[in-house]
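The values are calculated or read from the model by the stated rules, or taken from the named source; none is laboratory data. These numbers come from a predicted model, not from an experiment. Here the Cβ positions follow ideal geometry from the backbone for every residue, glycine too, while neighbour counts run over all protein chains shown. SASA here: full protein model, heavy atoms, side chains in, ligands and nucleic acids out. Shrake-Rupley method; radii C 1.70, N 1.55, O 1.52, S 1.80 Å.
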Amino acid sequence: MPMNKDYEPLFTEWKIRDLTIKNRIVLAPMGGTCLFGWMEPNHFDKEAAKLLKKIADNNCGLIIPGIAPVRDVLGRQWLYKNKRKFDQLAEFMDEVHKTGAKLFIQLTAGFGRSMALSDSLAMLASNKVLNTIAKPIIDAEYLTAAPSVLPNRWADNVTTREITIKEIEDIIYAFAETARLCKEAGVDGVEVHAVHEGYLLDQFTLKYTNQRTDEYGGSFENRYRFPVEIVQAIKAACGEDYPVSLRYSVLSKTKAFREGAMPGEDYIEIGRDMEESEKAAKYLQDAGYDMLNCDNGTYDAWYWAHPPQYMPLNCNLEDVTHIKKFVDIPVTCAGRMQPDVGAKAVKDGDIDAMVVGRQFLADPTWVTKLMKGKEKDIRPCICCHAACFNLSKHEGTGNDQDFNDTIHMCRCAVNPVSMNSEHYKLRKTRNPKKVAIIGGGIGGMEAARILSIRGHIPTIYEKSDKLGGIFIAAAAPSFKEKDKQLIDWYKRQVKKRGIEVKLNYEVKNLADIDADEYIVATGAEANRIPIPGAEEYAMDACDYLLEKEQVGDNVVIIGGGLTGCEMALDLYNKGKKPIIVEMKNDLMAVPNLCLANSSYLRDFFRTNKVPVYLESGVKEIGKDYVIIEEKNKRQTKVPADSVIMSVGYHSMPIENSSRHVHLIGDAKKVGNLRSVIWGAWDVAIKIK
Amino acid sequence: MCLANAYDMESKKILMENTKTIEVEGDTVVLTDLFGGVKRIKGVIANIDLEDNRVIIKVA
């Protein structure tokens, strides 16, 4: 099938200085896809290289792997010191160039106050003796050092120390020397990370994070001196013609420490506003930068740089289009960029290229499918961050993501193979088996898909009249358009592979079904708290989401977890008045839920004055009211036309696991889309 | 409003999450969780940590 003509502008050449890029699609640099490893002592990372090569093989024009700290987080070695990896890099660059793609290495000066301190790292950062002992391995104090004494974004009781001029000079030297070695290895250019997202360099440029009184603080020129000296040093080491890009946030979109601005909100900007950004963009260009790789935001307004599904599509395009007027160098734009809008923006001269990240993790071949007119075959990214970027925090914690996720960033909830290809390998079976899959939700469909690919004969038995399971409810809110697309993608894959599906077929006893193996994917059931009046007046989340029951204007949601908060957002967007009652000390008080997602919802409720009762419970539910009891035992009667109970789920397997019976998804353990899909693979790749 | 988790003293395994009420009936400890789920365990309460919301039960 031919490609949609609207996308043609994306497949035109463009230049960064004298370097020609074959099309207008750029792989966004995502922490975790770095060619020198992530967090651990630097080396040539074969897993990252494998993913990046697949993306290059599939028609991405410019590849920018994730950030490479110029000095290792673990072991503290400077990148330029380990020469061997540059030899391996040179071989890899030959392979990349054969695909027609170009590749920039993104080097970072560091994190400053944005360093995602876990509680244990926070202890090191705030205890001189412990930090000194741990220093040979990890220097938490150095990793968090910032322009001035500042509150760390994550741990509540940690302030940064002021970075020294000697440390600044060492970093500048490291940029130049590392860039030189990259150039010698055939790398097409480097990107400086970053006057963007509130990282260390950005903290120097922003007044709310830079109160220095030396030459790196105070005036505009002083605040931007650090990134300027870096590009000048790189140019001196590599020559004027060697392309240097800058990762750049046009606006900080920041109202206070740990508080961002909502899309469309009229607010007072404490970081970089448009007036300063117009001046800074030109100033940085004139200092030597050859491209601005743009978005918006800081770690305090994280949902701009890492937009969850609640953020509008193409959310940074308007601001990036504006800044392009003030520079002559190419300007690229990231932030839920969609191909149709990106192509038009390129055609209209608003941007020079669109930058896409997470979609490449969900489906590294999406550009090839776009070119072949096979858009429907693209597995959509749903912006959940559940595996690529689940750094999480809630009241009183530092970053409480699982350590295994901290050291393995950029995996993908919907595509287990990304950055995990050794673990999730598909091998053909020599012994095709009949596999009965009970439950046609996402877990059941994914298990069937993988088994079919491997040569087994799966059959799906679904008791309802449609495939999708509880994910149909999860995908119901208006901002979940990509989740709906994922359900459709699965249905097409099941049909395409000729997998037999029996709808309206409830299996009560596995013995009734003739199969060699059985996979139980029957999901979970909602919990209910036995509150007086609940039986009569409180609906479940699915009753609301699937519109089994209508809701009035005043809606009380019992349970401020992710589901409860997403329903509140959906209700508010529909003009209703939601109230959230949560027993814990914060909304979404769970680990591994990306702070970009949770902070959007928290900021949204705060900005829009949605009542949130924390450390509270509902004591009684009446026809048109509920009684809320707060921590101090004060009781408040609030109007409630409708009440939704959203207090989690419990597994509902129809059989326990045994030699030939395998439980997956929520039927095994209530989790999220990642645990459902990865769990389906865990079983489906092992059936011999 | 933080609820407790009940643990078996010997195996350290969790007996019940989100435990809302604990009653002692003779040689049996009756645990009820937030969702109305009830567990009756032959044993005695060995320790209650109110700061960490942990109840340790010595199972007979």
**Prompt:** Residues of region A:237-296 being open to solvent by 20 Å² or more (accessible area, probe 1.4 Å) and hydroxyl-bearing (S, T, Y), which ones?
**Reply:** A:Y267, A:Y283
**Item:** Enumeration of residues in region B:6-19 that are within 14 Å of chain A (Cβ to nearest Cβ) and either under 9 Å from the mean Cα position of the chain (by Cα) or modelled with pLDDT of 90 or more (or both)
**Value:** B:I14, B:M16, B:E17, B:T19
**Message:** Quick test for you: out of A:I499, A:I529, pick the one residue that is under 30 Å from A:I378 (Cβ atoms), touching a residue at least 12 places away in the same chain (Cβ under 8 Å) and of a type in the set (A, V, I, L, M, F, W, C).
**Reply:** A:I499
**Any chance B:N53 is open to solvent by less than 60 Å² (accessible area, probe 1.4 Å), within 14 Å of another protein chain (Cβ to nearest Cβ) and free of Cβ contacts under 8 Å to residues at least 40 places away in the same chain** = no
**Request:** Determine which single condition A:H408 fails, assuming it passes every other condition in (1) open to solvent by 20 Å² or more (accessible area, probe 1.4 Å); (2) at pLDDT 95 or above.
**Result:** (2)
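Listed here are the residues, each with its yes/no results for (1) farther than 30 Å from A:A140 by Cα; (2) part of a helix (DSSP H, G or I); (3) among the aromatic types (F, W, Y); (4) open to solvent by less than 40 Å² (accessible area, probe 1.4 Å).
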position	(1), (2), (3), (4)
A:L10	yes, yes, no, yes
A:V26	yes, no, no, yes
A:T33	no, no, no, yes
A:A48	no, yes, no, yes
A:K54	yes, yes, no, no
A:P65	no, no, no, yes
A:R76	no, no, no, no
A:F86	no, yes, yes, yes
**Request:** Give A:E655, A:E620 a once-over and let me know the one that is more than 34 Å from the chain's Cα centre (by Cα), more than 14 Å from chain B (Cβ to nearest Cβ) and at pLDDT below 95.
**Result:** A:E655
**Message:** Name the residue that is farthest from A:M567 (Cα to Cα), counting only residues in region A:630-664 that are open to solvent by less than 40 Å² (accessible area, probe 1.4 Å) and out of contact with any Asp or Glu (no Cβ under 9 Å at 6 or more places or on another chain).
**Reply:** A:V638
**Request:** Run down A:V683, A:V647, A:V610, A:V638 and say which single residue is within 14 Å of chain B (Cβ to nearest Cβ) and of a type outside the set (K, R).
**Result:** A:V647
**Request:** Just give me the residues in region A:513-549 being away from chain B (no Cβ under 14 Å) and of a type in the set (A, V, I, L, M, F, W, C), in sequence order.
**Result:** A:I513, A:A515, A:I519, A:V520, A:A521, A:M539, A:A541, A:C542, A:L545, A:L546
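Do we have A:V626 as outside any strand (DSSP E or B), of a type in the set (A, V, I, L, M, F, W, C) and touching a residue at least 60 places away in the same chain (Cβ under 8 Å) here? First the steps, then the outcome.
Numbers: outside any strand (DSSP E or B): no; of a type in the set (A, V, I, L, M, F, W, C): yes; touching a residue at least 60 places away in the same chain (Cβ under 8 Å): yes.
No: the conditions fail for A:V626.
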**Single residue of region B:3-47 satisfying the filter (in contact (Cβ under 8 Å) with a residue 40 or more places away in the chain and aliphatic (A, V, I, L, M)) that is surrounded by the most Cβ atoms within 10 Å (Cβ to Cβ)** = B:A6
**Message:** For region A:299-321, check the following and say yes or no: at least one residue is over 19 Å from A:T607 (Cβ atoms) and hydroxyl-bearing (S, T, Y).
**Reply:** yes
**Asked** Which number in (1) more than 14 Å from chain B (Cβ to nearest Cβ); (2) open to solvent by 30 Å² or more (accessible area, probe 1.4 Å) marks the one condition that A:M588 misses?
**Response** (2)
**Request:** Determine, yes or no, whether A:K491 is away from every other protein chain (no Cβ under 14 Å), more than 20 Å from A:I450 (Cα to Cα), in contact (Cβ under 8 Å) with a residue 24 or more places away in the chain and not aromatic (F, W, Y).
**Result:** no
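Results for (1) touching a strand residue (DSSP E or B) at 6+ places or on another chain (Cβ under 7 Å); (2) on the phi > 0 side of the Ramachandran plot; (3) part of a strand (DSSP E or B), shown as yes or no for each residue.
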position	(1), (2), (3)
A:N420	no, no, no
A:P432	yes, no, no
A:V435	yes, no, yes
A:E446	no, no, no
A:I450	no, no, no
A:S464	no, no, no
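Need at least 3 residues that are over 18 Å from A:F257 (Cβ atoms) and open to solvent by less than 10 Å² (accessible area, probe 1.4 Å) per element, so show me which helices (runs of 4 or more DSSP H) inside region A:121-209 make the cut, counting only ones lying wholly within it.
Hits in region A:121-209: A:165-184.
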**Lone unmet requirement of (1) in contact (Cβ under 8 Å) with a residue 40 or more places away in the chain; (2) closer than 30 Å to A:E549 by Cα; (3) acidic (D, E) for A:D516** = (2)
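Given the structure, is A:Q232 in contact (Cβ under 8 Å) with a residue 40 or more places away in the chain, over 29 Å from A:G398 (Cα atoms), open to solvent by less than 30 Å² (accessible area, probe 1.4 Å) and outside any loop (DSSP other than H, G, I, E, B)? Give the steps one after another, and end with the answer.
Values: in contact (Cβ under 8 Å) with a residue 40 or more places away in the chain: yes; over 29 Å from A:G398 (Cα atoms): yes; open to solvent by less than 30 Å² (accessible area, probe 1.4 Å): no; outside any loop (DSSP other than H, G, I, E, B): yes.
Considered against the rule, which asks whether it is in contact (Cβ under 8 Å) with a residue 40 or more places away in the chain, over 29 Å from A:G398 (Cα atoms), open to solvent by less than 30 Å² (accessible area, probe 1.4 Å) and outside any loop (DSSP other than H, G, I, E, B), A:Q232 comes out as no.
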**Prompt:** List, please: which pairs have Cβ atoms under 6 Å, are six or more places apart or on different chains, and start with a residue in region A:354-369 that is on the phi < 0 side of the Ramachandran plot and end with one that is assigned to a helix (DSSP H, G or I) and open to solvent by less than 20 Å² (accessible area, probe 1.4 Å)?
**Reply:** A:M354/A:G342; A:Q359/A:W366; A:F360/A:I55; A:P364/A:I55
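Looking at region B:1-50, what strands (runs of 3 or more DSSP E) fall wholly within it and have at least 2 residues that are under 23 Å from A:S646 (Cβ atoms)? Give the steps one after another, and end with the answer.
Working: elements: B:4-8, B:14-25, B:28-33, B:38-49.
The qualifying strands (runs of 3 or more DSSP E) are B:4-8, B:14-25, B:28-33.
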**Prompt:** Before we move on, is A:G560 buried (at least 24 other Cβ atoms within 10 Å of the Cβ) and within 14 Å of chain B (Cβ to nearest Cβ)?
**Reply:** yes
